[in-house]
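Chemist: Dumping the structure here so I can ask a few things about it.
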Amino acid sequence: MALKKKITSAADMLTSAEKVAVLTGAGISAESGVPTFRGPGGMWEDAKIEDVATPQGFSKNPRMVIAWYHKRVRRMKDVRPNPGHEALAEIERRIVARGGEFALATQNIDALHYSAGSKNVLELHGSLARWHCTGCGHRIEFDPDNVPEEPIYQCPRCGRYIRPDVVWFGEALPQDVISAAADAARNCDVFISAGTSAVVYPAAGLVEIAVSSGARTIEVNLDPTPFTNSVDVAISGKTGEILPQIIAQMPEE
Ligand code: BJW
Ligand code: ZN
């Protein structure tokens with residue numbers, strides 16, 4: 001199918017949809033300047049996954065992991081949502097305005113969907129801004145515009161190490177969040193997977209749930225994913241370019 005036809009087809013699906021569910025990943029924030037994980041230029045070219053994204057890596061070298069995430073928190077000050085985030089917020093506004101339901105499950109921890117105006121956001125892998133103490137559970141929240149220059153390593157209350165509220169490999173996703181996302185994928189009539197390699201579970205399983213529940217499915221991604229051949233419309237391109245083009249093909253509401 002030609003690109004134009006795929007975009008029209010995605011727009012038609014969304015125009016008649018009552019319930020829409022979306023899964024996003026690092027690709028949607030790439031055009032905001034946030035690096036993705038896998039592939040050339042990805043964050044895991046210079047940091048090993050097992051060192052920075054597992055509880056074992058954290059136990060082995062907590063200060064290194066804290067410093068690595070602190071650097072990512074610091075960078076968020078200069079990061080703004082892009083037209084891909086904005087398009088998803090606009091789709092939510094339109095669906096909700098006509099009495100429909102919308103849920104956006106994101107694997108990203110950068111909060112950019114909130115900054116773009118999305119409301120029903122399910123943060124599957126947590127948030128970069130929220131941290132907690134591994135000893136007493138004391139909570140710390142960073143204001144992205146006011147992050148200390150140097151990392152805070154220890155809890156101000158008990159002195160144990162703090163860590164970001166993010167989900168590492170081998171850790172469970174927040175149960176209420178993944179359940180709500182699975183319900184949305186199961187019950188939607190249109191499902192969009194945007195900017196994710198769709199290889200990390202259980203998040204990637206949401207695409208499987210949507211496909212097997214009979215939703216009409218759309219993928220927008222630069223590279224093919226394991227689901228490119230299972231979705232109804234697979235669009236190869238940048239989310240910041242394709243998603244606004246889809247909206248442009250939807251009638252004003
Ligand atoms: C663009 C673009 C542009 C670029 N426009 N596109 C079933 C089968 C096999 C294994 C498992 C399974 N179930 C569970 C597992 C194990 C494991 C897993 O999935 N392993 C696989 C890798 C094989 N999963 C887990 O361990 C999960 N936990 C779990 O299952 O717990 C069970 C449990 C239950 C009860 C008690 C205890 C345990 C947890 C997974 C956590 C993942 N965490 C990370 C780090 C988060 C913090 C951080 O940000 O640092 O999450 S890993 C990393 O990958 C991060 C991401 O959210 C996640 C997904 O990556 P994403 O977003 O897709 O990014 P990329 O870089 O991979 O892809 C970007 C894409 O965008 C590319 O395709 C580009 O082409 C594209 N792109 N620019 C459009 N402009
Ligand atoms: Zn503490």
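Derivation of every value follows stated rules applied to the coordinates shown; laboratory data play no part. For clarity, every value in this text was computed on a predicted model and none was experimentally measured. Cβ atoms come from the backbone with ideal geometry, glycine included; neighbour counts cover every protein chain shown.
Chemist: What FRET efficiency comes out for the pair Ser212/Ile49, r = Cβ-Cβ distance, R0 = 41 Å, nearest 0.05? Could you put the intermediate results ahead of the total?
Modeler: Details: r = 29 Å, r/R0 = 0.71.
After rounding to 0.05, the efficiency reads 0.90.
Chemist: A further question on this structure: With all distinct Cα pairs included, what does the Kirkwood hydrodynamic radius of region 180-253 come out to in Å, to one decimal, could you say? List each step's numbers first, then the result.
Modeler: Numbers: mean 1/r = 0.0789 Å⁻¹.
Computed over Cα pairs of region 180-253, the Kirkwood hydrodynamic radius comes out at 12.7 Å.
Chemist: Further, regarding this structure: Would you compute, for the Cα atoms of region 1-118, the largest minus smallest coordinate along each principal axis and list the three values in descending order, in whole Å?
Modeler: 52, 32, 27
Chemist: Specify the angular offset, from 0 to 90 degrees and rounded to the nearest 10, of the alpha carbon long axis of helix 239-248 from the longest principal axis of the alpha carbons in the chain.
Modeler: The two axes meet at around 30 degrees.
Chemist: Please compute, over every Cα-Cα pair in region 142-226, the percentage with a separation greater than 15 angstrom. Mind showing how you got there, number by number?
Modeler: On the way: 2486 of 3570 pairs.
In whole percent, the share of Cα-Cα pairs in region 142-226 beyond 15 Å is 70.
Chemist: Taking every eigenvalue of the Cα gyration tensor of region 1-69, multiplying by 5 and rooting it, what semi-axes result, largest first, whole Å?
Modeler: Values: eigenvalues 290, 45, 18 Å².
Its equivalent ellipsoid spans semi-axes of 38, 15, 9 Å.
Chemist: Go ahead and estimate [θ] at 222 nm for the chain from helices alone: -39,500 (n - 2.57) per DSSP H run with n ≥ 4, summed, over the residue count, rounded to 500. The partial results should precede the final answer.
Modeler: On the way: 10 runs with 91 residues, N = 253.
It comes out at -10000 deg cm²/dmol, rounded to the nearest 500.
Chemist: Further question on the same structure: Looking at the calculated P(r) for the chain, what percent of the C-alpha pair distances fall above 22 Å? Intermediate results must be reported in sequence, preceding the final value.
Modeler: Values: 17233 of 31878 pairs.
Cα-Cα pairs in the chain separated by more than 22 Å: 54 percent.
Chemist: Additional query: Would you mind working out the magnitude of the charge dipole of region 66-209 relative to its Cα centre, with +1 at each Lys and Arg C-beta and -1 at each Asp and Glu C-beta, to the nearest 20 Debye? Write down the numbers at each step before the final one.
Modeler: Numbers: 16 positive and 18 negative charges, 66 e Å.
Here the size comes out at about 320 debye.
Chemist: Okay, next question. If you put +1 on each Lys and Arg Cβ and -1 on each Asp and Glu Cβ, how big is the dipole of the chain around its Cα centre, in Debye rounded to 20?
Modeler: The calculated dipole for the chain is roughly 460 debye.
Chemist: Cα-based Rg (one decimal) and Dmax (whole number) for region 50-176, in Å?
Modeler: In Å, with Rg to one decimal and Dmax whole: 16.4, 52.
Chemist: For Trp68, Trp44, Trp131, which order do you get if you count the other beta carbons within 10 Å of each Cβ and list the fewest first?
Modeler: On the way: Trp68 19, Trp44 15, Trp131 24.
Placing the least packed residue first, the sequence is Trp44, Trp68, Trp131.
Chemist: Taking neighbour counts of Cβ atoms within 10 Å as a proxy for exposure, in what order, fewest first, do Ser197, Ser29, Ser179, Ser127 appear? Intermediate results must be reported in sequence, preceding the final value.
Modeler: Working: Ser197 21, Ser29 26, Ser179 12, Ser127 17.
Fewest-to-most Cβ neighbours within 10 Å comes out as Ser179, Ser127, Ser197, Ser29.
Chemist: Sticking with this one: Using the Cα centre of the chain as origin and beta-carbon charges of +1 (Lys, Arg) and -1 (Asp, Glu), tell me which of Ser59, His125, Leu173 is placed farthest towards the positive end of the dipole.
Modeler: With unit charges placed on the Cβ atoms, the residue in question is Ser59.
Chemist: Separate question: Helix 62-75: angle to the longest alpha-carbon principal axis of the chain, degrees 0 to 90, nearest 10?
Modeler: Computed tilt is about 50 degrees.
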